[in-house]
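In what follows, a single structure is set out as structure tokens and then discussed.
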Amino acid sequence: MHVDQQYLAYLKHNDRTGIDKIYKNYAKKIVSMIVYNSGTEDDGYDILQEALVDIYYMTKDKDFQLTTSFKNFLLMVCKRKWLNVLKKKQQMWVTKSTEDLFHIEDESAKEIAESVQQVEKENMVMQLLDTLGARCQEIIRRCMTEKHQEQIAESLGITYAYLRKKKSECMASLISKVKAHPYFNGDTDF
């Protein structure tokens, strides 16, 4: 386990003092990187906040271990998020090449990038879920968070069989939206 694992614990447990420490130690570096690459100070703080939320979700995985310094991990997550913003704005020009923004100190860069990409995919799927009807959203969200579908059906005032059928229809609609969305380029491994 890396010595900086404590930073993940701060996020996982919503430790205000620890999170303040993260901001104190890393915010200036992140904001400078974003400003240096066509962003504003506000963009930098927004990216930092979004990155910390993504890392928080990664920490929910019990097996998630930091294998590099927290600084490098956070920089990589922020860099990736900012490059996505630039791509969306069609401003793919950056002051430095993407490889020169910072150096990752070990071979875990691929694992980190995969974890970040997975969170981004999940976020995009959740955005697409928000485009479904209210009933589909409710069924899918509740089935994701609650264990007993019989209880879900009862609380919704429908039969268990109808819940399963409706959930299947809603999931089919969501999968269709995912397949059609340019972000996934035909990739439906979620």
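The values are calculated or read from the model by the stated rules, or taken from the named source; none is laboratory data. The model shown is predicted, which means the values in this text are computed figures rather than measured ones. Backbone-built Cβ (ideal geometry, glycine too); neighbour counts: all protein chains shown. SASA here: full protein model, heavy atoms, side chains in, ligands and nucleic acids out. Shrake-Rupley method; radii C 1.70, N 1.55, O 1.52, S 1.80 Å.
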Residue selected from segment 47-69 under the condition of a type in the set (Val, Ile, Thr) and closer than 16 Å to residue 22 by Cβ, by the criterion surrounded by the fewest Cβ atoms within 10 Å (Cβ to Cβ): 53
Qualifying position, being open to solvent by 70 Å² or more (accessible area, probe 1.4 Å) and over 22 Å from residue 53 (Cβ atoms), among 122, 169: 169
Please list, ordered by first then second residue, the pairs with beta carbon atoms under 6 Å, 6 or more apart or interchain, first in segment 115-139 and under 19 Å from residue 73 (Cα atoms), second open to solvent by 20 Å² or more (accessible area, probe 1.4 Å) and of a type in the set (Ser, Thr, Tyr). 119/57
For segment 1-55, enumerate the residues that are of a type in the set (D, E, K, R) and either closer than 25 Å to residue 122 by Cβ or not assigned by TED's automatic domain parsing to the domain that holds residue 67 (or both). 4, 12, 15, 43, 46, 50, 54
In segment 49-82, how many residues are in a loop (DSSP other than H, G, I, E, B) and closer than 23 Å to residue 32 by Cβ? 3
From the list 44, 39, which one is at pLDDT 85 or above, open to solvent by less than 40 Å² (accessible area, probe 1.4 Å) and part of a loop (DSSP other than H, G, I, E, B)? 39
Name the single residue, out of those in segment 10-36 being without any contact (Cβ under 8 Å) to a residue 40 or more places away in the chain and either touching a Ser or Thr at 6+ places or on another chain (Cβ under 8 Å) or among the hydroxyl-bearing types (Ser, Thr, Tyr) (or both), that is most open to solvent (accessible area, probe 1.4 Å). 17
